[in-house]
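Engineer: One structure, as structure tokens, below. Some questions next.
All of the numbers you see were taken from the coordinates with simple rules; none came from a lab. Just so it is clear, the model here is predicted, and its values are computed rather than measured. Please note: Cβ atoms are built from the backbone with ideal geometry, for glycine as well, and neighbour counts cover all protein chains shown.
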DNA sequence: GCCAACGTTGGC
DNA sequence: GCCAACGTTGGC
């Protein structure tokens, strides 16, 4: 049974369509310990991800992706020319991790943040908690399934019997 | 562009 | 260990 997650990206920076074009990407640049710890301790190969577009109008879930590596050192932390450089990261203590993800499918219909907020079924979902801003979140199976359904996808096909 | 919420840093 | 200052996130 795969783990279920939501990962945020600004579409101007790296949209779901970019992931589809590239076929796979390093999820680099995570500089938050909670998010790092989820990649380190929580994520496994085969986990499914709701790919969320933040800082756009309206914010929305755009697609489904799959985790295809365990967490491993984020090399951009040790690159002085990188926007994500962290002088405290060293080869001995890389400090920050990333995973690779690959696209599974775009949603037939994007599911907007507003639609999620308006649906009482999503009560309790981290995404709509006030003030939360974690870029990687765990998603409950019934919430994940509901997003797929609202997005016009075959939830059973993607999740099997889960939830 | 605004600003609330939150995490991190660093002086003490 | 406290906490003020600061930077970032991200919806609106």
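Engineer: Using alpha carbon centroids, what distance separates the stretch A:117-163 and the stretch A:13-63, in Å?
Structural biologist: The stretch A:117-163 and the stretch A:13-63 have Cα centres spaced 15 Å from each other.
Engineer: Can you tell me the orientation of helix A:141-150 relative to chain A, as the angle in degrees between its alpha-carbon axis and the longest Cα principal axis, to the nearest 10?
Structural biologist: 70
Engineer: Follow-up. Where the convex hull is taken over the Cα atoms of chain A, what is its projected area averaged over directions, in nm²?
Structural biologist: It is 9.6 nm².
Engineer: How would A:83, A:60, A:75, A:142 line up from fewest to most surrounding beta-carbon atoms within 10 angstrom? Before the final figure, lay out the partial values.
Structural biologist: Details: A:83 8, A:60 22, A:75 16, A:142 13.
Ascending number of Cβ neighbours within 10 Å: A:83, A:142, A:75, A:60.
Engineer: Which one of A:106, A:62, A:115 has the biggest mean-square fluctuation once chain A is modelled by GNM with Cα springs under 10 Å?
Structural biologist: Highest fluctuation among the options: A:115.
Engineer: Based on other C-beta atoms within 10 Å, arrange A:14, A:33, A:52 from fewest to most.
Structural biologist: Working: A:14 17, A:33 11, A:52 24.
With the fewest neighbours first, A:14, A:33, A:52 line up as A:33, A:14, A:52.
Engineer: In what sequence do A:13, A:147, A:111 fall when counting other Cβ within 10 Å, fewest first?
Structural biologist: Listing A:13, A:147, A:111 from fewest to most nearby Cβ atoms yields A:13, A:111, A:147.
Engineer: Another one. Ignoring everything except DSSP H segments at least 4 long, calculate the 222 nm mean residue ellipticity for chain A; use -39,500 (n - 2.57) per segment, divide by total residues, nearest 500.
Structural biologist: -5000 deg cm²/dmol
Engineer: Using only alpha carbon pairs under 8 Å that are at least six residues apart, calculate the relative contact order of the stretch A:39-115 and give it in whole percent.
Structural biologist: Worked out over the stretch A:39-115, it gives 35 percent.
Engineer: Same structure, new question: With contacts defined as alpha carbon pairs under 8 Å and 6 or more residues apart, what's the relative contact order of chain A in percent?
Structural biologist: Taking the mean separation of contacting Cα pairs over the length of chain A, I get 27 percent.
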